[in-house]
Amino acid sequence: MAIKNKLKIAVGSLKIGSFAKKLIQKTLHNNRLTYGDITIEFENKFAREHGCRYGLFTVSGTSALQIALHAMKGLHAWKNGDEVLVPSVTFIATSNVVIQNGLKPVFVDVDPRTYLMSPENIKSHITSRTRAIMPVHLFGRPAEMKKITALARRYKLKVIVDSCETMGVEYLDKPLGQWGDIVCFSTYAAHLLITGVGGLAITNNSVYATKMRSLMNHGRDTIYYNIDQDDHVFSRKKMYKLVDRRFSFIDVGYSYRLTELEAALGLEGLRDLSANVAARQKNYRLFLEALAPYARDLQLPILQKGEVCACMMFPIVIRPESNIQRAELIAFLETHGIETRYAMPLLSQPIYQKLFPGYEKRYPVARWMDKNGFYIGCHQYLSEKDVRYVVTVFKKFFGHKTLFS
């Protein structure tokens, strides 16, 4: 089918502002790319704004989750094959890092209205080998952390949160970083705060922070992870100690550090985060109102009273009773220049069907979403004109279906 309209309403976008450009110029002028003042400032500000004392800026949200699990496994003496509960609908990285750490992901089906890990389903999956719960704040919406953390306390489980798609909002009047032992974010392109590549792990536990800092630096002795530390040694005895240990490695770690350039982008993103989230929330509300006439066929997202959503994207699921085919609707949107993505299919992925044969059938909500769900963008760079255009295309599609059905 030929493209009718080359206009591209993307699921996300990026604009680099003057503040970031000045910081990048400063970095280049200082001839400094490795971990330095700009990265430290970004880590500290991001952590504080999300309710934590410690922040670590790493190469991706995936790597943040990976070092979080690695740190937990080592510090708490988890064994290979111990279990981590993860939602049945999420990006594949969430459960991949469990497997990569020698642990077993145990999938929990999601709520059919919120698409988030269902607290009601968690309890039946807890066994004597369960060590942690990994809820995901999917599509910009926080999971039901009050119930999840209560279950974790009851069964003495750790909580590592995949918040890669959600930042800049609170849950029950508390910053997201306060709902979990370690909370991980992504600053990948098209996310809420963009550094091109990148992710953060934040925590209020100094032991976790120190361990993760070592792991992201090849497992290096924590006495040394920043070249500036050489400048703060004022005695020969301390210098000998530093020199002796700064090339010492205490764990099998990773090279997961970023540069001052990405941190410069991050500092600008923090300045704009609240305004950008507000703009996304506005577009989200516009879509909810304008697409309401098609709610017989389309399940639109809902928010309970008091809930806050960062509106990473706008998810839509074809209702079971509808005659609409997802493929037809997506093709219509795409040929009119509106970008779409499937709604986080996980258990149907070829590698997971190989690793976990038959699992897809055990999770009816995930299976339904896999076959019928998708999302469109509602990012801050969409104008009201863009939103109206998207709605007009939906209207055309449903008008066409009415005429010929």
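The values are calculated or read from the model by the stated rules, or taken from the named source; none is laboratory data. Please read all numbers here as calculations on a predicted model, not as lab measurements. All Cβ positions, glycine included, derive from the backbone under ideal geometry; neighbour counts span all protein chains shown.
Given Ile318, Ile338, Ile302, which one is surrounded by fewer than 16 Cβ atoms within 10 Å (Cβ to Cβ) and among the β-branched types (Val, Ile, Thr)?
Values: Ile318 fails: surrounded by fewer than 16 Cβ atoms within 10 Å (Cβ to Cβ); Ile338 fails: surrounded by fewer than 16 Cβ atoms within 10 Å (Cβ to Cβ).
Only one candidate passes the filter, namely Ile302.
Looking at the structure I just gave you, is Pro301 in a loop (DSSP other than H, G, I, E, B), touching a residue at least 12 places away in the same chain (Cβ under 8 Å) and within 30 Å of Leu193 (Cβ to Cβ)? First the steps, then the outcome.
Details: in a loop (DSSP other than H, G, I, E, B): yes; touching a residue at least 12 places away in the same chain (Cβ under 8 Å): yes; within 30 Å of Leu193 (Cβ to Cβ): yes.
Yes; evaluated as a whole, the condition is true for this residue.
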Checklist entry - Considering only residues of segment 322-340 that are part of a helix (DSSP H, G or I) and within 26 Å of the chain's Cα centre (by Cα), which is farthest from Ile376 (Cα to Cα)? => result Arg326
Checklist entry - Does at least one position in segment 213-235 carry a residue that is out of contact with any helix residue (DSSP H, G or I) (no Cβ under 7 Å at 6 or more places or on another chain), assigned by TED's automatic domain parsing to the domain that holds Lys147, closer than 28 Å to Leu138 by Cα and modelled with pLDDT of 85 or more? => result yes
Checklist entry - What are the residue pairs meeting all of these: first residue in segment 350-366, first residue farther than 19 Å from Val110 by Cα, second residue of a type in the set (A, V, I, L, M, F, W, C) and assigned to a helix (DSSP H, G or I), Cβ atoms under 9 Å, and 6 or more apart or on different chains? => result Leu355/Ile99
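Quick one: is Lys45 of a type in the set (Lys, Arg), touching a residue at least 12 places away in the same chain (Cβ under 8 Å) and closer than 22 Å to Thr127 by Cβ?
Working: of a type in the set (Lys, Arg): yes; touching a residue at least 12 places away in the same chain (Cβ under 8 Å): yes; closer than 22 Å to Thr127 by Cβ: no.
So Lys45 does not fit the description; no.
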Next on the checklist: Condition first: surrounded by fewer than 18 Cβ atoms within 10 Å (Cβ to Cβ) and either of a type in the set (S, T, N, Q) or part of a loop (DSSP other than H, G, I, E, B) (or both). Now tell me which residues in segment 260-296 satisfy that.
Outcome noted: Ser274, Ala295, Arg296
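From the set of residues in segment 1-60 that are among the basic types (Lys, Arg) and assigned to a loop (DSSP other than H, G, I, E, B), which is farthest from the chain's Cα centre (by Cα)? Walk me through it before giving the result.
Narrowing segment 1-60 to residues among the basic types (Lys, Arg): 4, 6, 8, 15, 21-22, 26, 32, 45, 48, 53.
Right, trim to assigned to a loop (DSSP other than H, G, I, E, B) and you get 4, 6, 8, 15, 32, 53.
Numbers: Lys4: 34, Lys6: 30, Lys8: 24, Lys15: 20, Arg32: 29, Arg53: 20 Å.
Filtering first and then ranking leaves Lys4.
Residues to consider are Lys354, Lys395, Lys361; find the one that is part of a helix (DSSP H, G or I) and under 26 Å from Cys311 (Cβ atoms).
Values: Lys354 fails: under 26 Å from Cys311 (Cβ atoms); Lys361 fails: under 26 Å from Cys311 (Cβ atoms).
Going through Lys354, Lys395, Lys361 in turn, just one is part of a helix (DSSP H, G or I) and under 26 Å from Cys311 (Cβ atoms): Lys395.
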Next on the checklist: If a residue must be surrounded by fewer than 20 Cβ atoms within 10 Å (Cβ to Cβ), of a type in the set (A, V, I, L, M) and in contact (Cβ under 8 Å) with a residue 24 or more places away in the chain, how many such residues does segment 134-158 contain?
Outcome noted: 1
Checklist entry - Quick check: is even one residue across segment 240-253 modelled with pLDDT of 70 or more and either over 23 Å from Ala209 (Cβ atoms) or aliphatic (A, V, I, L, M) (or both)? => result yes
Next on the checklist: Tell me yes or no: at least one residue of segment 54-72 is outside the structural domain of Tyr342 (by TED's automatic domain parsing) and surrounded by fewer than 16 Cβ atoms within 10 Å (Cβ to Cβ).
Outcome noted: no
Next on the checklist: Out of Gln299, Gln304, Gln281, Gln325, I need the residue that is among the polar types (S, T, N, Q) and either in the same structural domain as Ala93 (by TED's automatic domain parsing) or more than 28 Å from Ser163 (Cβ to Cβ) (or both). Which one?
Outcome noted: Gln325
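Leu75: assigned by TED's automatic domain parsing to the domain that holds Ile250, more than 21 Å from Gly196 (Cα to Cα) and not hydroxyl-bearing (Ser, Thr, Tyr), yes or no? I'd like the intermediate steps shown before the answer.
Working: assigned by TED's automatic domain parsing to the domain that holds Ile250: yes; more than 21 Å from Gly196 (Cα to Cα): yes; not hydroxyl-bearing (Ser, Thr, Tyr): yes.
Yes.
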Checklist entry - Can you tell me which of Ser124, Ser128, Ser95 is free of Cβ contacts under 8 Å to residues at least 24 places away in the same chain and either crowded, with 20+ Cβ neighbours inside 10 Å or in a loop (DSSP other than H, G, I, E, B) (or both)? => result Ser128
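Name the residues in segment 195-210 that are surrounded by fewer than 24 Cβ atoms within 10 Å (Cβ to Cβ), outside any strand (DSSP E or B) and in contact with a helix residue (DSSP H, G or I) (Cβ under 8 Å, 6 or more places away or on another chain), would you? Steps first, please.
Initial filter on segment 195-210 (surrounded by fewer than 24 Cβ atoms within 10 Å (Cβ to Cβ)): 196-197, 204-210.
From what's left, outside any strand (DSSP E or B): 197, 204-210.
Those that are surrounded by fewer than 24 Cβ atoms within 10 Å (Cβ to Cβ), outside any strand (DSSP E or B) and in contact with a helix residue (DSSP H, G or I) (Cβ under 8 Å, 6 or more places away or on another chain): Val197, Asn204, Val207, Tyr208.
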